[in-house]
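The values are calculated or read from the model by the stated rules, or taken from the named source; none is laboratory data. Note that the coordinates shown come from a computational prediction; the quantities given were computed from them, not determined experimentally. We place every Cβ from the backbone using ideal geometry, glycine too, and count neighbours over all the protein chains shown. The accessibility values were calculated without ligands, DNA or RNA, using every heavy atom of the protein model including side chains. Shrake-Rupley method; radii C 1.70, N 1.55, O 1.52, S 1.80 Å.
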Amino acid sequence: MNVPAGIGLQIAATFFFAIMSALVRMVADEVPSGEIVFARSFIGLVPVVVWLAWSGRMTGALVTRQPFGHVVRGLVGVSAMWLSFAALAFIPLAEAVAFSYATPLVAVVLAAVLLGERVPVYRWLVLAVGMGGIVLMLWPSFSHASVGSGPGPLIGAGLALAGAVGAGFAITQVRHLTRTETSEAIVFYFSLVASVAGLATMPFGWVMPEGRVALILAGMGLAGGIGQICVTSAIRHAPASVVAPFNYALLLWATVFGIVLFGEWPAPLVIAGAMVVVLAGLLLIWRERRPAPRIVASRPEPSVRGSAGTAAEAPGAQDDAA
């Protein structure tokens, strides 16, 4: 374990993902979303494959016990990716990123519904706080639509929120896959399935990328692939609960890129709502990191006859209680 390295890699991942999103924003009005998904996934495979081969983990990336599970995870994930990319054509970069922070909250609900996990009361309370933040983020989009600014902001917010829900489904599927699959296999097969799914949209009107657009698509794919490597490596160096809070640096990068590259200032209510959602996510992470209380079986006083201990004193009884 190397916690500083893990934190650094997680921050680097947010930087590369912000670059990827900014590049998507640049061509979102010029290139169909399906083509963007293909470029992100297929070109993103290049650094991933090189990294796996260099680290000697390529074999582990190819071995799988759940091929159908990877297909399901890939299709769900690529749907979420398509929705989030499509949203960038309608709303500022920072606002699109802000809506993505609803994903962990969605995952809480889906874990209870789809995986049958018992959800403690504190998670539902955190979820309620996070939903309040989402309402704040949505409010400017409804306001713009009501004053005649057009449905664009509302469409973009809806697409971004739907993408966050889709990502929540993808997280649930990933949790199912991790029971038998390596992280390398999950990353590799997702990129592969997403590439095929993106390629399947070619009959619906792709454009031939040239010059500037081709370079942007290539850079987008490379940035996404490098970001994925950084995320996977970060979790190898430090516990996921330690590096997860630093994922919120993505909003900072996205805000800076949005202002510098596009002159986009996110609406104050969107930022306020994002802070509420971030707070909910941090509370969830903090609470999950707390060790579960151990229930220690009480030891009865020995009898005057010196009898043997009760069944509660048997080896392993305290572990079963905890």
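Scanning the stretch 172-185 for residues that are open to solvent by 70 Å² or more (accessible area, probe 1.4 Å) and modelled with pLDDT of 85 or more yields a count of 2.
Take Ser79 and decide whether it is surrounded by fewer than 23 Cβ atoms within 10 Å (Cβ to Cβ), among the small types (Gly, Ala, Ser) and in contact (Cβ under 8 Å) with a residue 24 or more places away in the chain. Write out each step before concluding.
Values: surrounded by fewer than 23 Cβ atoms within 10 Å (Cβ to Cβ): yes; among the small types (Gly, Ala, Ser): yes; in contact (Cβ under 8 Å) with a residue 24 or more places away in the chain: yes.
It is true that Ser79 is surrounded by fewer than 23 Cβ atoms within 10 Å (Cβ to Cβ), among the small types (Gly, Ala, Ser) and in contact (Cβ under 8 Å) with a residue 24 or more places away in the chain.
State whether one or more residues within the stretch 138-158 are aliphatic (A, V, I, L, M) and under 28 Å from Pro47 (Cβ atoms). Among the residues of the stretch 138-158, not one is aliphatic (A, V, I, L, M) and under 28 Å from Pro47 (Cβ atoms), which makes the answer no. Can you work out which of the residues in the stretch 46-61 that are among the β-branched types (Val, Ile, Thr) and modelled with pLDDT of 90 or more is surrounded by the fewest Cβ atoms within 10 Å (Cβ to Cβ)? Top of the filtered list is Val50.
Listed by first and then second residue, the pairs linking a residue in the stretch 93-104 that is closer than 19 Å to Leu282 by Cβ and open to solvent by less than 10 Å² (accessible area, probe 1.4 Å) to a residue that is acidic (Asp, Glu) and modelled with pLDDT under 90, with Cβ atoms under 8 Å apart and 6 or more places separating them unless they lie on different chains, are Ala94/Glu264.
Look at Ala89 and say whether it is more than 20 Å from Ile171 (Cβ to Cβ) and open to solvent by 40 Å² or more (accessible area, probe 1.4 Å). Please lay out each step first, then the result.
On the way: more than 20 Å from Ile171 (Cβ to Cβ): yes; open to solvent by 40 Å² or more (accessible area, probe 1.4 Å): no.
Here the answer is no, as Ala89 does not meet what is asked.
The C-beta contact set for the stretch 107-118 (first residue over 16 Å from Val165 (Cα atoms), second residue of a type in the set (Phe, Trp, Tyr) and modelled with pLDDT of 80 or more, distance under 7 angstrom, 6+ apart or interchain) is empty.
I'd like to know if the stretch 62-71 contains one or more residues that are of a type outside the set (Ser, Thr, Tyr), buried (at least 17 other Cβ atoms within 10 Å of the Cβ) and within 14 Å of Gly225 (Cβ to Cβ). No, there is no match, as no residue in the stretch 62-71 is of a type outside the set (Ser, Thr, Tyr), buried (at least 17 other Cβ atoms within 10 Å of the Cβ) and within 14 Å of Gly225 (Cβ to Cβ). Taking residues in the stretch 202-214 that are at positive phi, and partners anywhere that are surrounded by 10 or more Cβ atoms within 10 Å (Cβ to Cβ) and in a loop (DSSP other than H, G, I, E, B), the pairs with Cβ atoms closer than 8 Å and at least 6 places apart or on different chains are Gly205/Pro32. The single residue among Ile36, Ile43 that is modelled with pLDDT of 95 or more and either outside any helix (DSSP H, G or I) or in contact with a Gly (Cβ under 6 Å, 6 or more places away or on another chain) (or both) turns out to be Ile43.
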